[in-house]
Amino acid sequence: MGFLNLFSRSAPTLLRLPSGSFTVDREGKVLVRTLPSSYPTTLVEEIGEQMIAAFRDATAAQLHLSEIVVNYSSLKITARELRGGVIVFLSAKAHLASEE
């Protein structure tokens, strides 16, 4: 019966979409966050690193960006540059009720 235990994996847990903000310094360290503590720090750091990289790449291409907005079907990410750092706003979009 031990063989059958290989196929009985627990279902992955779903995370609630976050609403809040966080600030990242130029080295990628999260300074302040208003996101729920249940939202994984690794995901916050990953989003911050990607936003810093996007602003750095834009500067290297001599393209001045002050804000980046990423729209997903259920989540909106807005990032603003702060003298090398970034402030990121995450907001979950409300789903519309199905039309009848």
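Each reported figure results from applying straightforward, stated rules to the coordinates on display, with no laboratory input. On a predicted model such as this, the values are computed, not experimentally measured, just so you know. Here the Cβ positions follow ideal geometry from the backbone for every residue, glycine too, while neighbour counts run over all protein chains shown.
Descriptive notes on the structure:
- Annotation: peptides 75-83, 62-70, 32-40, ranked by per-residue average of other Cβ atoms within 10 Å with the highest first, follow the order 75-83, 32-40, 62-70.
- For a label point 7 Å along the Cα-to-beta-carbon line of GLU67, residues of region 24-50 with backbone N under 13 Å: none
- Estimated distance in nm for a label pair at LEU17 and LEU75, the labels positioned 7 Å out from Cα along Cα-to-Cβ: 0.9 nm
- Estimated distance in nm for a label pair at SER38 and ARG56, the labels positioned 7 Å out from Cα along Cα-to-Cβ: 3.4 nm
- Note on region 15-92: Cα convex hull, mean projected area over all directions, 4.9 nm².
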